[in-house]
């Protein structure tokens, strides 16, 4: 990731909720690349710059995106469920459902972009599928991130104590080793 002058540095393992928000910004950036290239490039050959940007985005979602889901589903959400606070269970179930749908969309986008890069062409039908999938991903992630950042993360900050947050951060760290 390029360093941006004046940008807030990424959060560390001592701030797992901040790490999740930082990851959301990366998700938005890489998703924007995938959607923009799908909308602009048409059926022709991708430029070298487009190929590089798409490949970097796909790599991010294969690794960082998967880790992000694990961070939420294996570390954060179970602890919130253990708090058993009213109204949060439905939100967590919905977010996990979003993760599954996003995974399906990523598989489609990855397959179509990989075929495009390999063959230097994409049929008009596959181009339409790619455009539809990236647009659905944009919609899904926009709603998903809003729920997490406006409802779930603030709630987690209120109900989870410092020891629990430290344990979550340690699990995040272990996932990256």
**Rounded tilt (10° steps) of 48-60 against the dominant C-alpha axis of the chain** = 30 degrees
**Fill in**
Ranked on Cβ counts within 10 Å of their own Cβ, fewest leading, 27, 117 go 117, 27
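Rank these for me by crowding, 60, 141, 113, going from fewest to most other beta carbons within 10 Å. Mind showing how you got there, number by number?
Values: 60 21, 141 17, 113 25.
Fewest to most other Cβ atoms nearby, the residues stand as 141, 60, 113.
Once Rh is set to the Kirkwood radius over Cα pairs, what Stokes-Einstein translational diffusion coefficient, in µm²/s, holds for the stretch 18-108 at a temperature of 20 °C and a viscosity of 1.002 mPa s? Please list the in-between numbers first.
Working: Rh = 14.8 Å.
Value of D from the Cα-based Kirkwood radius: 145 µm²/s.
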**Message:** Based only on other Cβ atoms within 10 Å, what is the fewest-to-most ordering of 177, 51?
**Reply:** 177, 51
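Computed from the coordinates by the stated procedures, all read-outs in this text should not be read as laboratory data. Please read these numbers as outputs of a predicted model, since none were measured by experiment. Using ideal geometry, Cβ is built from the backbone for each residue, glycine included, and neighbour counts are taken over all protein chains shown.
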